[in-house]
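The values are calculated or read from the model by the stated rules, or taken from the named source; none is laboratory data. Not measured: the values here are computed from a predicted model. So basically every Cβ, Gly included, is an ideal-geometry build from the backbone, and we count neighbours across all protein chains shown.
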Amino acid sequence: MSLNKAVLALALLAVAATSQLKVGDAFPSLADSKLEGQLPADLAGKIVIVDFWASWCSPCKASFPVLNELHQQYADKGVVILGVNVDEKRADMDGFLKQHPATFTIVRDAEKKLVARANINTMPTSFILDATGKVRFVHNGFHGDTTKKQYITEIDELLKAK
Amino acid sequence: MKRLATLLLVLAASGCANVKPWERQTLADYTMRGDRDPIAEKNAEHMWFSRESASGGKGVGGGGCGCN
């Protein structure tokens, strides 16, 4: 391999290593990600919101009441919210959940496999997946009512298309 | 191209670590905040002003977690 090609390959690798999952990508398998906790049994064919969060992330704290509301509003309509915790210690997650209870499903990515494959750019980041498991919407960060309205519009759009 | 290759090699060997967003728990800790002690901050500002005639223009918004 010539030097030019080697440098180009390195540059492409560097770009690939820094890019987050984007709209249209297939979301990595949740079942193969060795997540701690119980995944909902019937995810197939459902709209899934995968939200990466941590106890040390302030916007994550603000996002929980909204995610609880969305869960209450859409759980019966085939929408599953999955909070994926990326704390270093399980105790940090448990402490957070005592203060900010979640009505939606929480799992822990202790080995950081799933978060590394999603390669998120900021905390929190959430992906809205359609019934086929493809990423349809991405939310980088949480911005209060703006994000909440976007969630509702996007979920309604996916439910209509179902 | 050789210069670019050398530059890439130097950057790769420099020891700089790219901390991923989900790895910032330690950086997000309260003790990492520059403004956690108001008295120490005032002292530092006074020292910079009196020794270096420097005032303001310091600090950036946001915490160490780099969230949002």
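For the reader, a short list of remarks on this structure follows.
- Residues in region A:33-76 that are charged (D, E, K, R), within 10 Å of A:Arg108 (Cα to Cα) and not in a strand (DSSP E or B): 1 in all.
- Selection status of A:Lys98, exposed (fewer than 14 other Cβ atoms within 10 Å of the Cβ) and more than 17 Å from the chain's Cα centre (by Cα): yes
- Near pairs, Cβ below 8 angstrom, 6+ apart or cross-chain, from region B:48-68 (under 30 Å from A:Phe142 (Cα atoms) and more than 14 Å from chain A (Cβ to nearest Cβ)) to any residue that is in a loop (DSSP other than H, G, I, E, B) and modelled with pLDDT of 65 or more: B:Gly59/B:Gly34; B:Gly59/B:Asp35
- Criterion: crowded, with 21+ Cβ neighbours inside 10 Å, away from every other protein chain (no Cβ under 13 Å) and over 30 Å from B:Asp29 (Cβ atoms) - qualifying residue of A:Ile128, A:Ile152, A:Ile81: A:Ile128
- Subset of region A:52-69 (residues that are facing another protein chain (nearest Cβ under 7 Å) and surrounded by fewer than 22 Cβ atoms within 10 Å (Cβ to Cβ)): A:Ser58, A:Pro59
- Residues that are on the phi > 0 side of the Ramachandran plot and surrounded by fewer than 15 Cβ atoms within 10 Å (Cβ to Cβ) were ranked within region A:24-51; the one that is nearest to the other protein chains (Cβ to nearest Cβ) is A:Lys34.
- Considering residues of region A:18-60 that are closer than 30 Å to B:Asp29 by Cβ and among the charged types (D, E, K, R) only, the residue nearest to the chain's Cα centre (by Cα): A:Asp51
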